[in-house]
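Enquirer: Take this structure first; my questions come after.
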Amino acid sequence: MAVSIQSMRYFTTALAHGSISKAADELNVAASAVSAAIDRIEAHFQLTLVNRFRSRGITATASGRILERKFTHLLEEYAAVMAEGSDLQSALTGELRIGYYAPVAPVFLPDILAELAGAEGQVTLHLEACDNDRAQEGFLAGEFDAILFVSDAALPQVAFDVLIEAPAYCLTAPDHPLARQASVRLDDLADEAIIVLNRPIAVDYYRRLFRDAGHNPARIAYANSTEMVRSLVGAGLGCAVLNMLPATDVSYAGDPLVALPIGDDLPPLSLALGYDKSNPRRIVRHFVTRCRSYFSEGAGRRHIVAP
């Protein structure tokens, strides 16, 4: 049986006082509890660690003095770890590790994190762009404190809050005939070249939209980044269906773009925030509050194109 922290504390307190009864008074326990702790430690190491004198209390043997020093060091380290854990829980300091599967996260994350980075204490941010599965697996493995991901494919072990439901919209170049319409339907895209975001979750979602509408676009280009999709659309190579809108209507190449709502009744994709809801650190709680506020109070609405 391992020696417990409590037993170490009883042992060192008794030797510090040279008395079991005085140690019991300080620890507010029965003297028998202190004596039993000493007995357990001696039995564990199979050594005589304490000399007991009827009138003079107790003294440590040579082996007892060695263990007393080691136990004292361990107790100090334990106290330091517990204090540091309390600081992590209550202070807006330390590291915040975020994994995100959200193509337009570079648009909104800096605003959300700005207050954290400038808050009291010292915060170190670690941000990792990853796919939906990697974000969730990393969270469950303890690599991330929080994740932004598509909850439509959430693992059952991941607790999350849905931040916003993003409906599908059509992206096209301004000189495309569809750009003159107030909205489009998937039927309007049946004969168009389609640029598809080839990322996990997204590619299957867009394929399903067209399949359920009875269409199988003959001309498809795949790109695995949102900005490449937008640049291809801006260059006139086709139209795209996306969900979240960046803050700019210009592609990386400098071409203007037009986002049009889609009139069909289509399922949205849900952007969610995964985190430990049971006992999050203060910095995580603060990040969660900032995310909720951003998407619930209007700022986050600029990233969707409502039907």
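Enquirer: Just one of Glu42, Glu95 is modelled with pLDDT under 90 and among the acidic types (Asp, Glu); which is it?
Expert: Only one candidate qualifies: Glu95.
Enquirer: It is to be established whether one or more residues within the stretch 58-66 are surrounded by 13 or more Cβ atoms within 10 Å (Cβ to Cβ), at pLDDT below 95 and within 46 Å of the chain's Cα centre (by Cα).
Expert: Within the stretch 58-66, one or more residues are surrounded by 13 or more Cβ atoms within 10 Å (Cβ to Cβ), at pLDDT below 95 and within 46 Å of the chain's Cα centre (by Cα).
Enquirer: A further question on this structure: Just name the residue that is nearest to Ser231 (Cα to Cα) out of those in the stretch 255-297 that are of a type outside the set (A, V, I, L, M) and part of a strand (DSSP E or B).
Expert: Filtering the stretch 255-297 down to residues of a type outside the set (A, V, I, L, M) leaves 255-256, 261, 263-265, 267-268, 270, 274-282, 285-287, 289-297.
Subset that is part of a strand (DSSP E or B): 256, 261, 270, 274-275.
Working: Pro256: 9, Pro261: 19, Ser270: 25, Gly274: 31, Tyr275: 34 Å.
Per the stated criteria, the residue is Pro256.
Enquirer: Another question, then. Going through the stretch 137-186 one residue at a time, which ones are free of Cβ contacts under 8 Å to residues at least 60 places away in the same chain and either among the charged types (D, E, K, R) or over 29 Å from Arg292 (Cα atoms) (or both)?
Expert: Residues satisfying the conditions are Glu137, Glu143, Pro177, Arg180.
Enquirer: Examine the stretch 110-120 for a residue that is touching a helix residue (DSSP H, G or I) at 6+ places or on another chain (Cβ under 9 Å), within 17 Å of Ser293 (Cβ to Cβ) and in a strand (DSSP E or B), and state whether such a residue exists.
Expert: No, that holds for no residue.
Enquirer: If only one of Ala202, Ala173 is surrounded by 16 or more Cβ atoms within 10 Å (Cβ to Cβ), modelled with pLDDT under 95 and out of contact with any Phe, Trp or Tyr (no Cβ under 9 Å at 6 or more places or on another chain), which one is it? Before you say what the answer is, go through the steps one by one.
Expert: On the way: Ala173 fails: modelled with pLDDT under 95.
Result of the check over Ala202, Ala173: Ala202.
Enquirer: Also, quick follow-up: Within the stretch 176-199, how many residues are loosely packed, with under 15 Cβ neighbours inside 10 Å, among the basic types (Lys, Arg) and assigned to a loop (DSSP other than H, G, I, E, B)?
Expert: So the answer is 1.
Enquirer: Of all residues in the stretch 2-30, how many are part of a helix (DSSP H, G or I) and either in contact (Cβ under 8 Å) with a residue 12 or more places away in the chain or over 22 Å from Leu47 (Cβ atoms) (or both)?
Expert: The total comes to 20.
Enquirer: Same structure again: What number of residues within the stretch 169-208 satisfy the criterion of being within 17 Å of Tyr101 (Cα to Cα) and either among the small types (Gly, Ala, Ser) or not assigned by TED's automatic domain parsing to the domain that holds Leu257 (or both)?
Expert: Qualifying residue count for the region: 1.
Enquirer: Here's something else I'd like to know. Out of all the residues in the stretch 108-141, which are at pLDDT 90 or above, more than 12 Å from Phe287 (Cα to Cα) and not aliphatic (A, V, I, L, M)?
Expert: Hits for the stretch 108-141 are Phe108, His126, Glu128, Cys130, Asp131, Asn132, Asp133, Arg134, Gln136, Glu137, Gly138, Phe139.
Enquirer: Looking for something within 28 Å of Val241 (Cβ to Cβ), more than 11 Å from the chain's Cα centre (by Cα) and loosely packed, with under 14 Cβ neighbours inside 10 Å - is there at least one such residue anywhere in the stretch 144-157?
Expert: Step one: filter the stretch 144-157 for residues within 28 Å of Val241 (Cβ to Cβ), giving 147-155.
When the remaining residues are screened for being more than 11 Å from the chain's Cα centre (by Cα), the result is 150-155.
Narrowing the set further to residues that are loosely packed, with under 14 Cβ neighbours inside 10 Å leaves none.
Within the stretch 144-157, none of the residues are within 28 Å of Val241 (Cβ to Cβ), more than 11 Å from the chain's Cα centre (by Cα) and loosely packed, with under 14 Cβ neighbours inside 10 Å.
The values are calculated or read from the model by the stated rules, or taken from the named source; none is laboratory data. No experiment lies behind these values; they were computed from the predicted model shown. Note that each Cβ is placed from the backbone with ideal geometry, even for glycine, and that neighbours are counted across all protein chains shown.
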